[in-house]
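Report on the structure given below.
Read-outs: derived from the displayed coordinates by stated rules, not from any lab. Note that the structure is predicted; figures quoted are calculated from it, not measured. Cβ coordinates were reconstructed from backbone atoms using ideal geometry, including for glycine residues, and neighbour counts include every protein chain displayed.
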Amino acid sequence: MTRFLFLRFLGFPEKLPDQTTVWYFRQRLSKTNKDVAIWNKLQRQLDEKGLKIRKGVIQDATFITADPGHATADTPRGDDAKTRRNKEGTWTKKGKKSYFGFKLHTKEDCDFGLIRSLQTTTASVHDSQVDLSEESEVVYRDRGYFGAEPKGFDATMQRGVRGHPIGIRNILRNKRISRKRSPGERPYAVIKNVFHDAHTHVTTVIRAQVKMVFAAFSFNLYQLGPLKKQGVI
């Protein structure tokens with residue numbers, strides 16, 4: 001009952017859009033690139049408030065799981081799919097755990113903890129295949145990006161290879177980078193635990209991207225609260 005009263009307080013119409021209407025709305029946003037325009041507008045407003053990137057950025061990625069359905073692994077997907085199974089999600093394995101669905105790649109600034117760029121891929125795309133950095137940025141990344149050169153200044157944690165363990169200098173460097181990039185987990189914690197967007201029911205990368213744009217948009221608005229309390233804005 002409290003939720004209905006709150007909706008009335010906010011001036012919501014008597015008849016709320018159903019799931020199909022929302023689905024078509026997201027699809028239209030994607031087809032017209034309005035989701036990109038909305039995201040870029042937010043970034044410009046953040047910059048105008050003085051929240052520009054200064055000390056560098058953190059790039060990381062997290063899984064957004066999806067329902068693989070009950071079909072067998074060799075069931076056709078895409079336009080040939082005959083089931084409700086996810087059309088474009090893929091399987092991947094991290095450690096001993098398997099994931100199905102998509103992967104959200106983000107770039108967060110080190111100064112204010114705001115998401116400045118994002119890209120959604122299938123789950124099997126390796127982190128190192130996505131570079132969100134710009135040429136003038138210092139980009140802090142974990143060992144998963146080892147060996148992949150970014151467009152920005154490389155601050156990627158080193159990883160030992162067979163027969164060539166890393167030395168004490170790189171061990172200490174890794175610790176410094178780890179401290180810098182540790183705040184990069186906060187957006188994922190909020191998106192998954194507060195917004196409950198750890199799992200999606202959309203079936204294509206494009207639709208997942210639209211959902212993640214609004215999840216990241218919402219996180220940035222969420223993050224402005226602590227920044228305001230700190231007197232940053």
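So here's what we get for this one:
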item	result
Max mean-square fluctuation residue, GNM over the chain, Cα-Cα springs under 10 Å, options 96, 211, 41	96
Per-residue [θ]222 nm for the chain (sum of -39500 (n - 2.57) over DSSP H runs n ≥ 4, rounded to 500)	-11000 deg cm²/dmol
Volume per residue of the C-alpha convex hull in region 108-196, rounded to whole Å³	122 Å³
Ascending count of other beta-carbon atoms within 10 Å, so fewest first, for 199, 164	164, 199
Fewest-first ranking of 219, 12, 63, using other Cβ atoms within 10 Å as the exposure measure	12, 63, 219
Nonlocal amide H pairs with residue 160, under 5 Å, H built at 1.01 Å	166
Total charge dipole magnitude, the chain, about the Cα centre, Cβ charges on Lys, Arg, Asp, Glu only, Debye to nearest 20	600 debye
Between region 173-203 and region 86-155, the alpha-carbon center distance in angstrom	11 Å
Proximal charge balance of residue 42 [Cβ under 15 Å; K/R count +1, D/E count -1]	+2
Additional length obtainable on full extension of the chain from residue 228 to residue 111, 0.36 nm per residue less Cα span	40.7 nm
Residues 224, 5, 51, sorted so that the one with the fewest Cβ neighbours within 10 Å comes first	5, 224, 51
Of all DSSP beta bridges in region 82-233, antiparallel share, percent nearest 5	75 percent
More than 14 angstrom apart: percent of Cα pairs within region 147-218	73 percent
Which listed pairs, of 49/211; 103/192; 94/192; 55/175; 52/229, have C-alpha distances above 23 Å, in listed order	49/211
Where only alpha carbons of the chain are counted, the Rg and the Dmax (Å)	19.9, 68
For residue 103, residues with placed amide H under 5 Å, excluding near neighbours	64, 121, 122, 123
Mean Kyte hydropathy of -0.5 or more with a Cα span along the axis of at least 18 Å, helices from DSSP in the chain	205-229
